[in-house]
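Participant: Attaching a single structure in structure tokens format; questions to follow.
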Amino acid sequence: MNALTGGKLKLIQAALRLITETRSLTSLGLRELAREAGLNPNTFYRHFKSLDEFGLQVLGYIAEEMKAGVRDLRQMADSSEQASRDTVAFVYHYFLANPAATTVAVRELHGPSPVLRRALEAQLEASAREMAEDIIDRQLVSAVPPETIHEISRMTIRYILFRAMDYIEKPAQRASIQAETEHFINRQFRGAMLDGLSEAAIHTLLQGADKRT
């Protein structure tokens with residue numbers, strides 16, 4: 001998506017500039033988009049067949065940049081804790097630097113266009129799948145079964161998106177939101193590690209924890 005050029009790229013970037021707290025992607029008019037992009041209104045249909053197709057391109061443009069950065073961080077992580085810490089920091093900082101992109105993603109997940117809702121659902125699923133595959137390949141939580149890693153990854157992606165607007169709109173809470181998100185991820189994986197243990201083994205672990213405290 002980063003290879004987009006010309007009028008197509010100008011229209012996508014114009015849409016992201018026009019998105020505000022009170023406006024969604026689907027509320028933008030073609031003439032308004034073209035004017036913001038510095039193009040003739042007829043140019044839109046040279047690049048896109050419909051507003052839904054345009055919306056799909058906008059969502060794809062947003063997703064590619066963030067996914068590439070997150071994947072690089074996970075590939076370098078030495079532990080699940082480092083992976084969660086670096087990933088959460090990167091994603092929230094991306095949200096803060098790109099509030100329009102974040103607004104689009106949050107709104108269109110429950111927006112009026114079924115095409116865009118399905119596309120965003122597919123992107124969230126793809127991000128979760130990549131997260132799980134990276135964790136499995138790097139053996140960052142080898143005690144957790146692959147199917148559970150996929151399940152936790154799906155919950156994690158949705159949790160982060162759920163907190164995205166809070167992170168942008170509440171500066172005083174950003175540090176706590178970031179810490180809470182890290183704790184959420186780590187708790188999910190730590191809890192999953194106990195799933196395969198017997199009650200006796202868990203009891204032994206808890207007794208050991210009590211003695212240390």
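The values are calculated or read from the model by the stated rules, or taken from the named source; none is laboratory data. This one's a predicted model, so the numbers in the text were calculated from it and none came from an experiment. Reconstructed Cβ throughout: ideal geometry from the backbone, glycine too, with neighbour counts over all protein chains shown. To get the accessible areas, we keep the full protein, side chains included, count just its heavy atoms, and leave off ligands, DNA and RNA. Shrake-Rupley method; radii C 1.70, N 1.55, O 1.52, S 1.80 Å.
Participant: Have a look at Val141, Val70, Val104, Val58 and point out the one that is crowded, with 18+ Cβ neighbours inside 10 Å, in contact (Cβ under 8 Å) with a residue 12 or more places away in the chain and not in a helix (DSSP H, G or I).
Facilitator: Answer to the check: Val141.
Participant: Restricting the search to the range 18-41, which residues are modelled with pLDDT of 85 or more and open to solvent by 60 Å² or more (accessible area, probe 1.4 Å)?
Facilitator: Result: Arg31, Arg35, Glu36, Gly38, Asn40.
Participant: Tell me whether the range 144-157 contains one or more residues that are among the acidic types (Asp, Glu) and open to solvent by less than 60 Å² (accessible area, probe 1.4 Å).
Facilitator: There is no residue in the range 144-157 that is among the acidic types (Asp, Glu) and open to solvent by less than 60 Å² (accessible area, probe 1.4 Å).
Participant: Then there is this: Can you confirm whether Leu4 is at pLDDT below 80, part of a loop (DSSP other than H, G, I, E, B) and open to solvent by less than 70 Å² (accessible area, probe 1.4 Å)?
Facilitator: For Leu4, the condition - at pLDDT below 80, part of a loop (DSSP other than H, G, I, E, B) and open to solvent by less than 70 Å² (accessible area, probe 1.4 Å) - is met.
Participant: What is the number of the single condition among (1) within 30 Å of Gln139 (Cα to Cα); (2) open to solvent by 20 Å² or more (accessible area, probe 1.4 Å); (3) small (Gly, Ala, Ser) that Ala77 does not meet?
Facilitator: (2)
Results for (1) over 13 Å from the mean Cα position of the chain (by Cα); (2) under 30 Å from Leu194 (Cα atoms), shown as yes or no for each residue.
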position: Tyr92; (1), (2): no, yes
position: Asn98; (1), (2): no, no
position: Val104; (1), (2): no, no
position: Leu116; (1), (2): yes, no
position: Glu147; (1), (2): yes, yes
position: Ile152; (1), (2): yes, yes
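Participant: Moving on to the next point. Do we find a residue being modelled with pLDDT of 90 or more, closer than 22 Å to Asp72 by Cβ and open to solvent by 30 Å² or more (accessible area, probe 1.4 Å) anywhere in the range 189-207?
Facilitator: The answer is no; no qualifying residue exists.
Participant: Which pairs turn up if I take residues in the range 81-97 that are over 17 Å from Glu65 (Cβ atoms) and modelled with pLDDT under 90 and look for partners that are basic (Lys, Arg) and open to solvent by 10 Å² or more (accessible area, probe 1.4 Å) with beta carbon separation below 6 Å, at least 6 apart in sequence or on another chain?
Facilitator: Once the first residue is over 17 Å from Glu65 (Cβ atoms) and modelled with pLDDT under 90 and sits in the range 81-97, its partners that are basic (Lys, Arg) and open to solvent by 10 Å² or more (accessible area, probe 1.4 Å) give Ala83/Arg74.
Participant: So, one more: So, in the range 160-176, of the ones that are part of a helix (DSSP H, G or I) and over 15 Å from the mean Cα position of the chain (by Cα), which residue ends up modelled with the lowest pLDDT?
Facilitator: Glu169
Participant: Also, I was wondering about something else. Looking at (1) open to solvent by 50 Å² or more (accessible area, probe 1.4 Å); (2) closer than 21 Å to Pro112 by Cβ; (3) modelled with pLDDT of 85 or more, which is the only condition Phe44 fails?
Facilitator: Of (1) open to solvent by 50 Å² or more (accessible area, probe 1.4 Å); (2) closer than 21 Å to Pro112 by Cβ; (3) modelled with pLDDT of 85 or more, only one is false for Phe44: (1).
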